[in-house]
Amino acid sequence: IAFGEALQPSFKLYAKQIVENAAALADALVGHGYRLCSGGTDNHLMLVDLRPRDEHLTGADAENWLGAAGIVVNKNGIPNDPRKPMITSGLRLGTAALTTRGMNTDDMKLIASMIDRVLASSGDSQITASVREEVRSMCDQHPLYGH
């Protein structure tokens, strides 16, 4: 079934949108002062070094704070990471699930802004709650499979 779906013209458009969304998210994060370990992305994934934005920010803190805001990310070690693997200096982000919901490049810019607001606030509960409501609204606008 998966190969049959991959042969459809709609899948080609979907895959193209995933990559465009990743590029938009990556560019927006760089605009907020984060560094992409690869300098950019050619696929749906990116590895973000948090240290240029805030040298004290860890992947573990970012993962927890963003999770509380409804944004699912994974802490991830970066090349030559000075921090332990359970702490990390980076985050791994992807755009496939967002694209499946029908989000586009403008949405990626908004998501980057949400990520930055939460991280810049050090997970402040009021900002996190505000972003969580924005995330909920965005998900309501882009439901999964018509739910």
* Roughly how many debye, to the nearest 20, is the charge dipole of the chain about its Cα centre, given +1 on each Lys and Arg Cβ, -1 on each Asp and Glu Cβ, and no other charges? -> 240 debye
* On the full set of protein chains, 1.4 Å probe, figure out the accessible area of residue 42 and give it in Å² to the nearest 10. => 140 Å²
* Could you run the Karplus curve 6.51 cos²θ - 1.76 cosθ + 1.60 with θ = phi - 60° over region 98-103 and give me ³J(HN,Hα) per residue in whole Hz, x for Gly and Pro? => 5, 5, 4, 6, x, 6
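Tell me what the chain gives for mean residue ellipticity at 222 nm when only DSSP H runs of n ≥ 4 count, each as -39,500 (n - 2.57), the sum divided by the residue total, rounded to 500 deg cm²/dmol. Before the final figure, lay out each step's value.
Working: 6 runs with 76 residues, N = 147.
When only DSSP H runs of four or more count, the value is -16500 deg cm²/dmol.
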* Structure fact -> Stretched fully, the stretch from residue 64 through residue 142 gains (0.36 nm per residue minus C-alpha distance, one decimal, in nm) 25.7 nm
* Asked: Averaged per residue, what accessible surface does region 1-133 expose to a 1.4 Å probe, in Å²?
  -> 54 Å²
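In square nanometres, what is the average projected area of the Cα convex hull of region 2-46? Mind showing how you got there, number by number?
Working: hull surface 13.2 nm².
The number I arrive at for region 2-46 is 3.3 nm².
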* So, how do all the Cα-to-Cα distances of region 46-119 break down into 5 Å bins, in percent, from 0 on up? -> 3, 17, 26, 26, 15, 9, 4, 0
* Asked: What residue among 108, 86, 46 has the largest mean-square fluctuation in a Gaussian network model of the chain, using Cα springs under 10 Å?
  -> 86
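The values are calculated or read from the model by the stated rules, or taken from the named source; none is laboratory data. Values in this document were obtained by computation on a predicted structure and should not be read as measured data. Because the Cβ atoms are built from the backbone with ideal geometry, glycine has one as well, and the counts that use them run over all protein chains shown. Note: areas computed on protein heavy atoms with side chains; ligands, DNA, RNA excluded. Shrake-Rupley method; radii C 1.70, N 1.55, O 1.52, S 1.80 Å.
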